[in-house]
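The values are calculated or read from the model by the stated rules, or taken from the named source; none is laboratory data. If you're wondering where the values come from, they're calculated on a predicted model, not measured in any experiment. Heads up, the Cβs are rebuilt from the backbone with ideal geometry, glycines too, and the neighbour counts pull from every protein chain shown. Protein only, heavy atoms only, side chains kept; ligands, DNA and RNA dropped before computing areas. Shrake-Rupley method; radii C 1.70, N 1.55, O 1.52, S 1.80 Å.
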Amino acid sequence: MAYGLAVRPAGGQRTWTVVDASYATVGPVEEWLEAHRHLWSPNTVRGYATSLAQWWSFLEQRGEAGQWQEAGVPVVAGFLSWLRNGRTVEHALAAPAGVPSAETLHARLAALISFYQWQEAVHSVPVAGRLLRGRSSRMPARGLLSHLDARREPGQSSLVRVRRHRAGRPPLLLPAEIQAIVDGCATWDRPAGEWAGNLRDRLIFALLAETGMRLGEVLGMAISDFVMGRGGAAYVEVVPREGSPNGARVKMMRPRRIYVGADLERLFADYLTHLACRAAGLGMNVSPGSRCWSTWTARRCWPRSGRARSATRSRR
């Protein structure tokens, strides 16, 4: 059985690789992961390593790990059935408990196809050609975004698919629901003249809602990334960085600038003021390069006051 294994190279950061049943590194998978570690976040590497570890376990169970370059549609379809049956057998009369969701199966299939597409481009391994066909038989309806289809050629589609049921509206939060989440984190206490609750969490959710940034991008921010307007328009610089303690990283390591409104700018100013006051009381230094959401910010600069605790209990 293959495993996804966390490793920390000498002088490097923690990452993930795949080892086989004999605890030897699976060379083809490691080569693929290494080629993308500078682009993917550590969390993405972990997810892909998990998917390929399960694929390699499936091949080992079939006794075909040495023929990984000869896989085709029947083998990949058997892999998905094996996952549905609890990673025990390919065919079963009754579905076991704890069947993985369609989204999980789709993620495993996407990682497998990405692996074989890279192997085909670099080493001419022909598996991807057996799994993909020229173009999708049905193009998705994009509505107002239909102009995006003209920017690139239609991509190939997989001959092995996972059926996903899509019912109801997309999982979107309405403005009233977003406001309820933000207010559930912290609200302005007029009699006390200060914020009651967790101002840090309110700022995080407000940033997510207004900027459209990914959570990993928000968690990787430094204080200097939020540039105050000072008479102009305030903006957030999305800066690619390595070494985030929570494994967060900018998508594809591509920088960009996002302009924000006055309300978010004032909220960030309140956050900095609160942060500086608490840090001064603890004898700690806050610099423009400090992480916005560091561990000491969350645990030491915002000890819950009696007012905050009572507000939390009332929300529960």
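Tabulated data for the structure shown
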item	result
Region 189-201 residues that are within 15 Å of residue 269 (Cβ to Cβ), paired with ones that are open to solvent by less than 50 Å² (accessible area, probe 1.4 Å) and assigned to a strand (DSSP E or B) (beta carbon under 9 Å, 6 or more apart)	195/186; 195/189; 199/186; 200/186
The listed residue being in contact with a Gly (Cβ under 9 Å, 6 or more places away or on another chain) and without any contact (Cβ under 8 Å) to a residue 40 or more places away in the chain, out of 63, 78, 98	98
Members of region 6-31 that are hydrophobic (A, V, I, L, M, F, W, C), over 19 Å from the mean Cα position of the chain (by Cα) and at pLDDT 90 or above	7, 18, 19, 21, 24, 26, 29
Contacts under 6 angstrom Cβ, first residue in region 237-265 being farther than 22 Å from residue 186 by Cβ and at pLDDT 75 or above, partner basic (Lys, Arg) and surrounded by fewer than 18 Cβ atoms within 10 Å (Cβ to Cβ), 6 or more apart	237/257; 238/256; 251/214
Given (1) over 18 Å from residue 118 (Cβ atoms); (2) part of a helix (DSSP H, G or I); (3) not charged (D, E, K, R), index of the condition residue 9 fails	(2)
Index of the failed condition, residue 67 passing every other in (1) exposed (fewer than 14 other Cβ atoms within 10 Å of the Cβ); (2) of a type in the set (S, T, N, Q); (3) at pLDDT 90 or above; (4) within 30 Å of residue 240 (Cα to Cα)	(4)
Unique match (being more than 23 Å from residue 159 (Cα to Cα) and open to solvent by less than 20 Å² (accessible area, probe 1.4 Å)) among 76, 7, 19, 29	19
